[in-house]
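Note sheet for the following structure.
The values are calculated or read from the model by the stated rules, or taken from the named source; none is laboratory data. These figures come from a predicted structure and were not determined experimentally. Neighbour counts are summed over all protein chains in view; Cβ atoms, including those assigned to glycine, are modelled from backbone coordinates with ideal geometry.
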Amino acid sequence: MNQVITDGLVLMPPPFADGLSVWSRQDGRPGSDTWGTAPNAALVAADADFGDCLEIVKTEATTRLRFMAETPIVPGLYLRVSARIKVLSGNLPTIRIAAWAGDGSGQNLSGVPQTGPATVMTGYGDVVTVAAIIGTGTRLGVDMPWGPQASFGHVGLDLTGPNGGQVRIEGISVEDVTSVFLRKIMDWVDVKDFGARGDGTTDDRAAFVAADAAAAGREVMVPAGDYLIGSSLTMNNPVRFEGRLVMPDAARLSLNQNFDLKGYSEAMGDDVLGLKKGIQQLFNQSDHEGFDLCGRRVILDAPLDVKAIVGNRNTYANRRVLRNGQLAAIASPAWDDEVHTRAGTWSASDPLRITGLANVADIPLGALVTGPQAVGREIYVVAKDVAGGRVTLSGAFHGAPVTQTYTFRRFKYLLDFIGWLNLQRFIITDVEFLCAGLCSALNMPLDGLMFQIQDCFFTGPKDRGITSAGEGCQGMQIDRCQFLSNEQGTDAPLRTTIAFNSNCSDIKVRDNRAVKFRHFGVIAGTGNILSGNHFFQGDGVTDGPRTAGLVLCDNNIKTTFEGNYVDNCYIEWGNERDPSPTFSSGLSFHGLTLDGNIFFATGSAPWMNFILIKPYGPGHFINGLTVTDNLFKKTGGAQMDAVDGVDTSFAPLDLSRTSDLLFNGNTYHGIVKRTENPVTVRHVEGTASSSWNIDLTDVAPFGSAVRAGTAFLAEGPLRSVSNVIVYLIPYAEPGQGVGGRTLRLRWQQDVRGTAQVSARFDI
């Protein structure tokens, strides 16, 4: 690069023969004395070595020669100032290139070097070249680095040493030697040209700002070195890093043209630091909606605490995306669970708190709460009152004792948002969480809305795939993700890992696949849609027990479950978060629709049910359940007794109050009981009788009693004892026989025949 050519800079001073009035005997500033009136100077024509030249007799301790015009100094421009000199007689002086450095306001930059290396003349008549390089950057080979404040210089030379020497000077030459400092001719600016030191201790932020301003669309080059940036920095032009930045945690870095992991990793010299700075800026960036991991794997030996990384806020509501890469755990003590046990007091009148706890400060937010009795699944600490000795819970217990000892276990996550009080519209897409059995994957914020996880892999989580400790799962969407358990070789009842949980309403879980967790999902909120998912939880144990694939913790669930593949597991529907689980008012088990799903098991115990209702207190009943157009299939081993069942560990269902139950259009294979409601059966009464008893046990949903006969149509004639065709209509007596599952038809006389009979098990 030569700015004389590219930018039209005028650098070369005129020859002495053009006149000495432009050559100063002092600093070169306007008004200084010139060599045009000096008695000890003269122009010499036709010198044998120089042609026209200037002859000076040295009479001052430092005899100065300065060109009075302003030689421009531009960041990125390096000038070689040189002169050819010989001594004719007298004392031999010392020669050096010198220049007066000026800033934009015309003031001298007194703190910068303004003389070059000194050359001692050793003989008479010997032609010697003295030279020095001037530039703004501190570089090897630059004799006079003036920094980015320099604007111009008055260039020339100094004669020092003893007086009396007769010296001839050919002229002062100024050349653009910038290309000497460039490996290639490229369209970039270098931060060192603007004063950056790269020594790890000098704050180079101002140099970066100046280089970025001068780049004007060109690339900013950061050579090798450690560049301390003491406060937040924005770079609007592309940046290429060979060196690395050293920044305080609180200082933000905005690389507006390199806003991805590649750019930030190169800037910080480390993938983890780069990811942290990128995430920090993502929540302080208006020009970019997402941070791209560029398909790279980031190796983590400790959790990424997103709130601590961002630092300056704990709420955020704009759409932001983290995409396209891998987060991978390596062995480290930082992944160990934090576990505390405390005796505490609980009351159904204040069901979301445990009181009377010692050392509450030690109990971490987001800790899972377990206990010996009546503590449901996936209940977490969401707040704590240290002074009051109590913690607030994400859900209630189901009638726990007043006092018992609780365990608080805090899992460690690759990506942890628990510190956010409210986070909305955050999206994670195309990210693989490689937990390697060392840690869990994703911890949701305490509160928020519309958190989306799309097209992600959750591989080998130690405890959890996605955890919602609080209400940050409101409206959560989990779409097209793969959950691969770390317990592939563990028998189903011994597994402990869970793919995801939720506490709030309106979640959408669609087109996911999960393999061999204890539970695919534990759902405590209502108003949910689950579709297109396949979750598999089998093992190699013949006639072995299975675990719930989906746990519904609220009996008033208002949830649609459509087009899913429930593989070697089942749906468990209970009210385990009801602090007073005995039914007193409300809708009880209400609002669940299971439509168009595949339920399949192989080698499972015959007493397993695909749909299991588990009341945690007496008096509950079915009040709105639709099970339609599903395939129920069992292979391997004995047939399954029934697809539907009730877990009476705590209480039975009140089957006398069953209402709005639709259970039809389903296909059964390898199932003993073909559950249906309403049901139509073909009944043959071979001996004339005035009482026909139709046993509907083999179709009764959940063992319910038959509540009504709804239709009767004879197939062919009905005949009396004497074989005479009769035209009669029976009346129905439901609720007969064992468990009330027999429908009795009463006639005016004894009749026999075949008929299609319809009945219902609900009211």
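If you take the residues of the stretch 417-427 that are of a type in the set (A, V, I, L, M) and surrounded by fewer than 23 Cβ atoms within 10 Å (Cβ to Cβ), which of them is nearest to ARG320 (Cα to Cα)?
ILE427
Search the stretch 527-542 for residues that are more than 12 Å from THR560 (Cβ to Cβ) and free of Cβ contacts under 8 Å to residues at least 40 places away in the same chain and pair each with any residue that is outside any loop (DSSP other than H, G, I, E, B) and among the acidic types (Asp, Glu) when their beta-carbon atoms are under 6 Å apart and the residues are at least 6 apart or on different chains.
PHE536/ASP567
Identify, please: which residue in the stretch 475-491 is touching a Ser or Thr at 6+ places or on another chain (Cβ under 7 Å) and free of Cβ contacts under 8 Å to residues at least 40 places away in the same chain and is, among those, farthest from TRP420 (Cα to Cα)?
Only one residue tops the list, namely GLU487.
The rows are residues; the columns are (1) within 22 Å of SER394 (Cα to Cα); (2) under 39 Å from the mean Cα position of the chain (by Cα); (3) buried (at least 17 other Cβ atoms within 10 Å of the Cβ).
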{"site": "PRO579", "(1), (2), (3)": "yes, yes, yes"}
{"site": "THR593", "(1), (2), (3)": "no, yes, yes"}
{"site": "ILE598", "(1), (2), (3)": "no, yes, no"}
{"site": "ALA601", "(1), (2), (3)": "no, yes, yes"}
{"site": "TRP607", "(1), (2), (3)": "no, no, no"}
{"site": "ILE613", "(1), (2), (3)": "no, yes, yes"}
{"site": "ASN623", "(1), (2), (3)": "no, no, yes"}
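What residue, of ARG464, ARG480, ARG518, is within 27 Å of GLY617 (Cα to Cα) and either basic (Lys, Arg) or not assigned by TED's automatic domain parsing to the domain that holds ASN609 (or both)?
When all the criteria are applied, what remains is ARG518.
What single numbered condition from (1) within 15 Å of PHE417 (Cα to Cα); (2) free of Cβ contacts under 8 Å to residues at least 40 places away in the same chain; (3) not in a loop (DSSP other than H, G, I, E, B) fails to hold for ALA308?
Of (1) within 15 Å of PHE417 (Cα to Cα); (2) free of Cβ contacts under 8 Å to residues at least 40 places away in the same chain; (3) not in a loop (DSSP other than H, G, I, E, B), only one is false for ALA308: (2).
Scan the stretch 558-577 for residues that are of a type in the set (Ser, Thr, Tyr) and surrounded by fewer than 18 Cβ atoms within 10 Å (Cβ to Cβ) and jot them down.
THR560, TYR565
From the list ASP158, ASP126, pick out the single residue that is under 15 Å from TRP100 (Cα atoms), touching a residue at least 40 places away in the same chain (Cβ under 8 Å) and assigned by TED's automatic domain parsing to the domain that holds ILE85.
Answer to the selection: ASP158.
Let's see how each residue does on (1) under 19 Å from PRO13 (Cα atoms); (2) in contact with a His (Cβ under 9 Å, 6 or more places away or on another chain):
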| residue | (1), (2) |
| --- | --- |
| THR62 | no, no |
| GLU70 | yes, yes |
| LEU77 | yes, no |
| VAL87 | no, no |
| THR94 | no, no |
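Only one residue in ASP212, ASP193 is assigned to a helix (DSSP H, G or I) and at pLDDT below 95. Which one?
It is ASP193.
Does GLY619 satisfy the criteria of being at positive phi, without any contact (Cβ under 8 Å) to a residue 40 or more places away in the chain and part of a strand (DSSP E or B)?
No: the conditions fail for GLY619.
Take the conditions closer than 23 Å to ILE330 by Cα and either without any contact (Cβ under 8 Å) to a residue 12 or more places away in the chain or part of a loop (DSSP other than H, G, I, E, B) (or both) and apply them to LEU438. Does it pass?
yes
Would you pick out the residues in the stretch 371-404 that are among the basic types (Lys, Arg) and outside any strand (DSSP E or B)?
ARG377 - this is the single residue of the stretch 371-404 that is among the basic types (Lys, Arg) and outside any strand (DSSP E or B).
List pairs: first residue in the stretch 622-633 and farther than 14 Å from ASP595 by Cα and assigned by TED's automatic domain parsing to the domain that holds ASP654, second residue surrounded by fewer than 18 Cβ atoms within 10 Å (Cβ to Cβ) and of a type in the set (Ser, Thr, Tyr) anywhere in the structure, Cβ distance under 6 angstrom, at least six positions apart or on different chains.
Once the first residue is farther than 14 Å from ASP595 by Cα and assigned by TED's automatic domain parsing to the domain that holds ASP654 and sits in the stretch 622-633, its partners that are surrounded by fewer than 18 Cβ atoms within 10 Å (Cβ to Cβ) and of a type in the set (Ser, Thr, Tyr) give ASN623/SER659.
Considering the stretch 45-68 alone, what residues qualify as being surrounded by 16 or more Cβ atoms within 10 Å (Cβ to Cβ) and either among the hydrophobic types (A, V, I, L, M, F, W, C) or within 60 Å of the chain's Cα centre (by Cα) (or both)?
Residues satisfying the conditions are PHE50, CYS53, LEU54, ILE56, VAL57, LEU65, PHE67, MET68.
Yes or no: the stretch 251-262 includes at least one residue that is more than 25 Å from PRO364 (Cα to Cα), part of a strand (DSSP E or B), touching a residue at least 60 places away in the same chain (Cβ under 8 Å) and in contact with a strand residue (DSSP E or B) (Cβ under 6 Å, 6 or more places away or on another chain).
No, there is no match, as no residue in the stretch 251-262 is more than 25 Å from PRO364 (Cα to Cα), part of a strand (DSSP E or B), touching a residue at least 60 places away in the same chain (Cβ under 8 Å) and in contact with a strand residue (DSSP E or B) (Cβ under 6 Å, 6 or more places away or on another chain).
If ALA46 satisfies all but one of (1) among the small types (Gly, Ala, Ser); (2) within 19 Å of TYR124 (Cα to Cα); (3) in a loop (DSSP other than H, G, I, E, B), what's the number of the condition it fails?
Here ALA46 meets the rest and fails (3).
Residues checked against (1) polar (S, T, N, Q); (2) in contact (Cβ under 8 Å) with a residue 40 or more places away in the chain; (3) buried (at least 24 other Cβ atoms within 10 Å of the Cβ):
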| site | (1), (2), (3) |
| --- | --- |
| PRO493 | no, yes, no |
| ASN503 | yes, yes, yes |
| ASP506 | no, no, no |
| ASN512 | yes, no, yes |
| VAL551 | no, yes, yes |
| ASN556 | yes, no, no |
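Can you name every residue in the stretch 354-370 that is within 31 Å of the chain's Cα centre (by Cα), buried (at least 19 other Cβ atoms within 10 Å of the Cβ) and not in a loop (DSSP other than H, G, I, E, B)?
Scanning the stretch 354-370 gives VAL360, LEU368, VAL369.
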